[in-house]
């Protein structure tokens with residue numbers, strides 16, 4: 001890619017899109033009244049009126065901030081974002097991030113970090129980082145977040161961007177709420193004189209913030225038009241024990257309403273349910289593959305010579321039959337192509353159905369189901385990042401793949417479709433986004449569609465596909481459906497299937513028990529911490545070389561991710577269920593210690609949002625998380641930690657130097673699969689103590705710690721699990 005000449009880059013930096021200093025204010029023209037005397041006074045005229053002048057030296061330093069909000073009585077919060085085109089980050093070729101997609105919204109993401117750029121490097125030793133977030137509540141904390149409604153401090157972690165070289169003048173200070181704030185909430189942010197540079201010296205106030213301290217108008221209409229609100233920040237901090245004399249900077253921002261967090265997907269879900277009804281909209285079988293050993297078990301199946309859709313050939317040892325098909329689903333995107341985005345009704349947040357479309361899916365039938373003559377439970381499966389239902393389900397003989405192995409071990413029939421937006425077919429779109437973040441909705445908007453369309457899939461499968469005579473198993477005189485359509489519908493997902501699975505299962509009206517393995521949340525946090533994004537971040541570095549601008553972009557994208565991010569849906573899984581979902585739902589989230597792909601920090605946030613306990617003893621209890629030590633666990637939801645003895649990584653937002661395999665190892669443990677079987681198909685209890693019964697646990701006590709090879713070939717896979725016959729005493 002051709003980069004701009006150095007001289008032009010410097011001009012663009014000076015223009016503020018990637019500015020390295022807060023533009024100076026000039027003192028003339030604008031007039032105001034002195035509050036005490038009523039006399040006319042001159043106000044400074046900003047050189048760059050759309051650059052935030054409150055803190056630091058970056059144009060958008062201190063975002064999110066009410067500096068980029070305006071009042072709007074038509075929104076749920078009475079606020080609308082007002083990001084300025086002249087202040088948005090620039091790519092290396094001078095393309096600015098367009099603000100229109102953000103300015104639809106009625107507040108900032110409640111899950112976004114605060115990003116600040118000081119005029120010199122910050123001393124990280126003084127920050128309440130992810131290892132000690134409780135220090136952020138101390139009276140002498142250098143960084144402060146307050147709930148404006150209550151005046152109470154909000155626990156958070158503070159870190160410097162570890163992607164920037166030590167001593168870099170573009171090294172962002174990042175504040176991340178330990179538990180995300182609520183929707184429609186005002187947050188006050190403050191930096192105190194406890195914040196020091198690596199030179200041991202405190203930071204100076206900007207000229208504009210000094211004027212606020214002095215009770216004077218600033219010359220910035222974005223501040224002065226709501227001057228009283230900015231003064232309230234100082235009053236609130238004073239009541240919380242933070243005197244003006246100790247403040248380096250203070251500001252506030254407002255979070256978006258539920259209409260812009262989970263509301264868009266929920267609106268699409270409700271429209272989809274109304275459109276598909278109980279029976280779905282239709283399906284079309286494109287291929288039926290059967291292993292020769294089992295072909296006689298399907299008495300109505302045509303011979304390949306009579307029906308080209310039928311293929312009889314040796315299959316993977318975990319499979320007797322595989323069906324490839326399409327299902328019809330309502331479409332809520334503008335097109336069916338890679339450039340599709342949400343089909344908003346006006347400027348949002350409501351969406352409109354845009355006809356229907358057909359999506360591919362796969363159904364797996366293991367030998368255990370055929371041997372028992374069908375009538376098995378039906379499982380909905382969720383695949384991993386940039387993979388797919390058929391990528392993981394259409395495994396070749398001799399290869400190792402977990403999806404069919406799980407299906408065989410559980411003895412279930414399983415269906416899977418793709419997470420549209422982050423499936424294998426979306427790889428090219430993902431690359432294009434790293435070249436131009438203006439294209440981000442081509443991923444995030446599709447994920448809304450991906451979160452709701454499994455409802456259409458499972459309803460057509462249960463009402464029609466499983467009743468298809470072609471797929472009946474048994475004999476001519478006694479053929480039965482492969483799965484019991486009246487049994488509870490269950491779910492299992494790995495990785496992205498745990499992330500998007502949390503969102504999807506929270507809204508799916510028919511699911512009863514759900515397992516989300518190695519899940520996380522808050523995509524803006526994952527981007528710098530997950531080994532999955534290493535290659536993509538290399539491209540980002542080439543196209544957005546300014547390290548501070550990268551962090552601004554990641555923070556801004558959280559508003560786009562929010563539409564399907566489980567951080568906005570986990571609390572509706574079992575704690576506060578959405579309307580029109582199954583009563584008595586149960587959810588299990590399982591974490592692998594030291595996970596390089598979905599960092600444990602992200603899983604801990606998901607736990608706190610979900611509002612369910614962490615099963616203890618644990619490898620690490622999370623500050624403010626609920627806990628329980630009761631075994632077997634019989635509540636509605638719980639998180640369980642497992643350890644594959646593969647180590648951990650240093651704290652901070654840098655990518656792991658390698659992938660230790662922890663992300664994949666846990667799922668292959670037979671003891672883990674026994675726990676899953678008991679939860680999904682047994683009495684619904686959660687009990688990890690199977691790891692103590694086989695003698696493989698390394699210390700003979702909880703939490704489970706087992707060394708587990710990750711197989712590459714079918715012959716290396718663990719044996720099919722023996723389902724537990726009773727709860728562990």
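Just to be sure before I move on: is residue 666 in a loop (DSSP other than H, G, I, E, B) and over 18 Å from the mean Cα position of the chain (by Cα) in the structure I sent? Steps first, answer last, please.
On the way: in a loop (DSSP other than H, G, I, E, B): no; over 18 Å from the mean Cα position of the chain (by Cα): yes.
It is false that residue 666 is in a loop (DSSP other than H, G, I, E, B) and over 18 Å from the mean Cα position of the chain (by Cα).
Select, from 301, 266, the only residue that is in contact with a helix residue (DSSP H, G or I) (Cβ under 7 Å, 6 or more places away or on another chain), under 22 Å from residue 421 (Cα atoms) and crowded, with 17+ Cβ neighbours inside 10 Å.
Result of the check over 301, 266: 266.
Output the residues belonging to segment 67-96 that are in contact with a helix residue (DSSP H, G or I) (Cβ under 6 Å, 6 or more places away or on another chain), in a loop (DSSP other than H, G, I, E, B) and at pLDDT 95 or above.
Result: 76, 82, 83, 89.
Provide a single number: the residues in segment 277-294 that are more than 16 Å from residue 317 (Cβ to Cβ) and surrounded by fewer than 19 Cβ atoms within 10 Å (Cβ to Cβ).
Pass one, segment 277-294, residues more than 16 Å from residue 317 (Cβ to Cβ): 277-288.
If we keep only those that are surrounded by fewer than 19 Cβ atoms within 10 Å (Cβ to Cβ) too, we end up with 277-279, 281-282, 284-287.
Result for segment 277-294: 9.
With (1) under 30 Å from residue 609 (Cβ atoms); (2) in a helix (DSSP H, G or I) as the list, and residue 235 as the residue in question, which single condition is left unmet?
(1)
Mind checking which residues of segment 100-117 are within 20 Å of residue 56 (Cβ to Cβ) and part of a loop (DSSP other than H, G, I, E, B)? Spell out the reasoning first.
At the first step, the residues of segment 100-117 found to be within 20 Å of residue 56 (Cβ to Cβ) are 108, 112-117.
If the condition is that a residue be within 20 Å of residue 56 (Cβ to Cβ) and part of a loop (DSSP other than H, G, I, E, B), then 112, 113, 117 are the ones that fit.
Would you point out which residue out of 677, 642 is more than 30 Å from residue 537 (Cβ to Cβ), surrounded by 17 or more Cβ atoms within 10 Å (Cβ to Cβ) and touching a residue at least 40 places away in the same chain (Cβ under 8 Å)? First the steps, then the outcome.
Details: 642 fails: more than 30 Å from residue 537 (Cβ to Cβ).
None of the others qualify; the one that does is 677.
Just checking: which of the strands (runs of 3 or more DSSP E) contained wholly in segment 138-189 hold 1 or more residues that are at negative phi, more than 24 Å from the chain's Cα centre (by Cα) and crowded, with 23+ Cβ neighbours inside 10 Å? Steps first, please.
Working: elements: 143-147, 156-160, 173-177.
Output list reads 143-147.
Tell me, please, whether a residue that is at pLDDT 95 or above, surrounded by fewer than 24 Cβ atoms within 10 Å (Cβ to Cβ) and in contact with a strand residue (DSSP E or B) (Cβ under 7 Å, 6 or more places away or on another chain) can be found in segment 562-571.
Keep residues of segment 562-571 that are at pLDDT 95 or above, which gives 562-571.
Narrowing the set further to residues that are surrounded by fewer than 24 Cβ atoms within 10 Å (Cβ to Cβ) leaves 571.
Narrowing further to those that are in contact with a strand residue (DSSP E or B) (Cβ under 7 Å, 6 or more places away or on another chain): none.
No: zero hits.
Is it true that residue 279 is in contact with a strand residue (DSSP E or B) (Cβ under 7 Å, 6 or more places away or on another chain) and either assigned by TED's automatic domain parsing to the domain that holds residue 458 or closer than 30 Å to residue 713 by Cβ (or both)? Let's see the steps before the verdict.
Values: in contact with a strand residue (DSSP E or B) (Cβ under 7 Å, 6 or more places away or on another chain): no; either assigned by TED's automatic domain parsing to the domain that holds residue 458 or closer than 30 Å to residue 713 by Cβ (or both): yes.
So residue 279 fails the test.
Taking residue 90 as meeting all but one of (1) within 27 Å of the chain's Cα centre (by Cα); (2) closer than 21 Å to residue 189 by Cβ; (3) touching a residue at least 40 places away in the same chain (Cβ under 8 Å), write down the number of the exception.
Only one criterion is unmet by residue 90, namely (2).
Step by step: first the residues of segment 628-639, then only those that are free of Cβ contacts under 8 Å to residues at least 60 places away in the same chain and within 22 Å of the chain's Cα centre (by Cα), then the one that is surrounded by the fewest Cβ atoms within 10 Å (Cβ to Cβ). Which residue is that? Please lay out each step first, then the result.
The first filter runs over segment 628-639 and keeps only residues free of Cβ contacts under 8 Å to residues at least 60 places away in the same chain, leaving 628-630, 633-635, 638-639.
Then keep just the ones that are within 22 Å of the chain's Cα centre (by Cα); that gives 638-639.
Numbers: 638: 25, 639: 28.
Top of the filtered list is 638.
Given the residues 611, 604, which is the only one that is out of contact with any helix residue (DSSP H, G or I) (no Cβ under 8 Å at 6 or more places or on another chain), within 30 Å of residue 512 (Cα to Cα) and at pLDDT 95 or above?
Numbers: 611 fails: out of contact with any helix residue (DSSP H, G or I) (no Cβ under 8 Å at 6 or more places or on another chain).
Testing whether each residue is out of contact with any helix residue (DSSP H, G or I) (no Cβ under 8 Å at 6 or more places or on another chain), within 30 Å of residue 512 (Cα to Cα) and at pLDDT 95 or above leaves just 604.
Please list, ordered by first then second residue, the pairs with beta carbon atoms under 7 Å, 6 or more apart or interchain, first in segment 616-627 and free of Cβ contacts under 8 Å to residues at least 12 places away in the same chain, second buried (at least 17 other Cβ atoms within 10 Å of the Cβ).
621/614
Do we have residue 416 as buried (at least 23 other Cβ atoms within 10 Å of the Cβ) and touching a strand residue (DSSP E or B) at 6+ places or on another chain (Cβ under 8 Å) here?
Numbers: buried (at least 23 other Cβ atoms within 10 Å of the Cβ): yes; touching a strand residue (DSSP E or B) at 6+ places or on another chain (Cβ under 8 Å): yes.
Criteria met by residue 416.
The values are calculated or read from the model by the stated rules, or taken from the named source; none is laboratory data. Just so it is clear, the model here is predicted, and its values are computed rather than measured. Reconstructed Cβ throughout: ideal geometry from the backbone, glycine too, with neighbour counts over all protein chains shown.
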